[in-house]
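*Asks:* Starting off with a structure, shown below.
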Amino acid sequence: MNAKGRVHKFGDNVDTDVIIPARYLNTASHKELAAHCMEDIDAQFVNKVQEGDIMVAEKNFGCGSSREHAPIAIKASGISCVIASTFARIFYRNSINIGLPILECDEAAKEIKDGDVVSVDFNTGVITDETTGKTYQAEPFPEFIQNIIQKGGLIKSITE
């Protein structure tokens with residue numbers, strides 16, 4: 001399982017209210033959530049993001065509330081993977097539950113730039129910044145978590 005895309009870069013402490021503002025939580029539509037993803041931190045994000053792109057952020061990504069809407073909005077926007085220095089624990093678990101691949105790698109999160117093209121090998125945890133040629137090593141997911149992500153989330157992994 002791999003991902004490759006252009007990077008959308010964010011800093012520290014990107015909270016769930018920035019990922020998907022609370023004013024849009026009255027919908028369960030993934031498409032509608034995606035239409036408002038990141039709009040309070042980058043109003044043009046939804047116009048720039050393309051299927052397969054990668055989000056990179058620094059420490060404590062996804063802090064704030066426990067809503068699953070945040071990783072759903074990111075995944076539905078077309079983001080194929082999120083790389084960060086660290087993730088808020090509930091965001092980390094919610095991401096796995098909905099099948100959004102996320103990797104912690106402090107060095108990659110700090111060095112990769114907005115607009116770089118990055119590829120990720122989820123089996124090995126190798127992150128390659130194809131723009132600079134530099135590689136980084138994240139901890140790969142264990143096989144059972146890779147299975148959850150490949151099947152599209154926890155519920156799909158146990159019902160299919």
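*Asks:* Go through the stretch 16-38 residue by residue and tally those that are in contact with a Phe, Trp or Tyr (Cβ under 9 Å, 6 or more places away or on another chain) and either under 21 Å from Ala109 (Cα atoms) or among the small types (Gly, Ala, Ser) (or both). Break it down stepwise before answering.
*Replies:* Residues of the stretch 16-38 that are in contact with a Phe, Trp or Tyr (Cβ under 9 Å, 6 or more places away or on another chain), as a first pass: 16, 18-19, 32-33, 35-38.
Still in the running and either under 21 Å from Ala109 (Cα atoms) or among the small types (Gly, Ala, Ser) (or both): 16, 18-19, 35, 37-38.
Matching residues across the stretch 16-38 total 6.
*Asks:* I'd like the residue in the stretch 101-113 that is outside any helix (DSSP H, G or I), within 17 Å of Ile79 (Cα to Cα) and not basic (Lys, Arg) and, out of all such residues, is most open to solvent (accessible area, probe 1.4 Å).
*Replies:* Kept after step one, since they are outside any helix (DSSP H, G or I), are these residues of the stretch 101-113: 101-105, 112-113.
Subsequent filtering for residues that are within 17 Å of Ile79 (Cα to Cα) retains 101-104, 112-113.
Imposing the further condition that a residue be not basic (Lys, Arg) reduces the set to 101-104, 112.
Working: Pro101: 12, Ile102: 2, Leu103: 3, Glu104: 69, Ile112: 0 Å².
Result: Glu104.
*Asks:* Shifting gears a bit: Is it the case that the stretch 90-97 has a residue that's touching a residue at least 60 places away in the same chain (Cβ under 8 Å) and farther than 20 Å from Arg6 by Cβ?
*Replies:* Kept after step one, since they are touching a residue at least 60 places away in the same chain (Cβ under 8 Å), are these residues of the stretch 90-97: 91.
Then keep just the ones that are farther than 20 Å from Arg6 by Cβ; that gives 91.
Checked the stretch 90-97: at least one residue is touching a residue at least 60 places away in the same chain (Cβ under 8 Å) and farther than 20 Å from Arg6 by Cβ.
*Asks:* Could you please let me know if Arg93 is open to solvent by 70 Å² or more (accessible area, probe 1.4 Å), closer than 24 Å to Phe122 by Cβ, assigned to a strand (DSSP E or B) and of a type outside the set (Gly, Ala, Ser)?
*Replies:* Numbers: open to solvent by 70 Å² or more (accessible area, probe 1.4 Å): yes; closer than 24 Å to Phe122 by Cβ: yes; assigned to a strand (DSSP E or B): no; of a type outside the set (Gly, Ala, Ser): yes.
So Arg93 does not fit the description; no.
*Asks:* Also, I was wondering about something else. Residues of the stretch 50-67 being in contact with a Phe, Trp or Tyr (Cβ under 9 Å, 6 or more places away or on another chain) and assigned to a strand (DSSP E or B), which ones?
*Replies:* Correct list: Met55, Val56, Ala57, Phe61, Cys63.
*Asks:* Another one. Across the stretch 10-66, which residue is surrounded by the fewest Cβ atoms within 10 Å (Cβ to Cβ) among those that are among the acidic types (Asp, Glu) and within 30 Å of Asp121 (Cβ to Cβ)?
*Replies:* In the first step, residues of the stretch 10-66 are kept if they are among the acidic types (Asp, Glu); the result is 12, 15, 17, 32, 39-40, 42, 51, 53, 58.
In the following step, the residues that additionally are within 30 Å of Asp121 (Cβ to Cβ) were identified as 12, 15, 42, 51, 53, 58.
On the way: Asp12: 14, Asp15: 16, Asp42: 17, Glu51: 9, Asp53: 21, Glu58: 17.
Looking at the filtered set, the residue picked out is Glu51.
*Asks:* Would you call Asp121 in contact (Cβ under 8 Å) with a residue 60 or more places away in the chain and out of contact with any helix residue (DSSP H, G or I) (no Cβ under 9 Å at 6 or more places or on another chain)? Quick ask: steps written out before the conclusion?
*Replies:* Working: in contact (Cβ under 8 Å) with a residue 60 or more places away in the chain: yes; out of contact with any helix residue (DSSP H, G or I) (no Cβ under 9 Å at 6 or more places or on another chain): yes.
For Asp121, the condition - in contact (Cβ under 8 Å) with a residue 60 or more places away in the chain and out of contact with any helix residue (DSSP H, G or I) (no Cβ under 9 Å at 6 or more places or on another chain) - is met.
*Asks:* If you don't mind, another one. Only one of (1) under 23 Å from Glu39 (Cα atoms); (2) touching a residue at least 60 places away in the same chain (Cβ under 8 Å) fails for Phe87. Which number is that?
*Replies:* So Phe87 meets the others, but not (2).
*Asks:* Also, quick follow-up: If Ile98 meets every condition in (1) closer than 20 Å to Ile155 by Cβ; (2) in contact with a Phe, Trp or Tyr (Cβ under 7 Å, 6 or more places away or on another chain); (3) open to solvent by 10 Å² or more (accessible area, probe 1.4 Å) apart from one, which number is that one?
*Replies:* With respect to (1) closer than 20 Å to Ile155 by Cβ; (2) in contact with a Phe, Trp or Tyr (Cβ under 7 Å, 6 or more places away or on another chain); (3) open to solvent by 10 Å² or more (accessible area, probe 1.4 Å), Ile98 is out only on (2).
*Asks:* For the stretch 114-160, name all the residues that are closer than 20 Å to Lys9 by Cβ, outside any strand (DSSP E or B) and either open to solvent by 60 Å² or more (accessible area, probe 1.4 Å) or aromatic (Phe, Trp, Tyr) (or both).
*Replies:* Across the stretch 114-160, the qualifying residues are Asp114, Glu130, Thr131, Thr132.
*Asks:* Checking the structure you have, find out if any residue of the stretch 78-86 is at positive phi, surrounded by fewer than 22 Cβ atoms within 10 Å (Cβ to Cβ) and either modelled with pLDDT of 95 or more or in a loop (DSSP other than H, G, I, E, B) (or both).
*Replies:* Yes - at least one qualifying residue is present in the stretch 78-86.
The values are calculated or read from the model by the stated rules, or taken from the named source; none is laboratory data. Keep in mind that what you see is a predicted model, and the values were worked out from it rather than measured. For neighbour counting, all protein chains shown are included, and Cβ atoms are generated from backbone atoms with ideal geometry for every residue, glycine included. Keep in mind that these areas ignore ligands, DNA and RNA; they rest on the heavy atoms of the full protein, side chains included. Shrake-Rupley method; radii C 1.70, N 1.55, O 1.52, S 1.80 Å.
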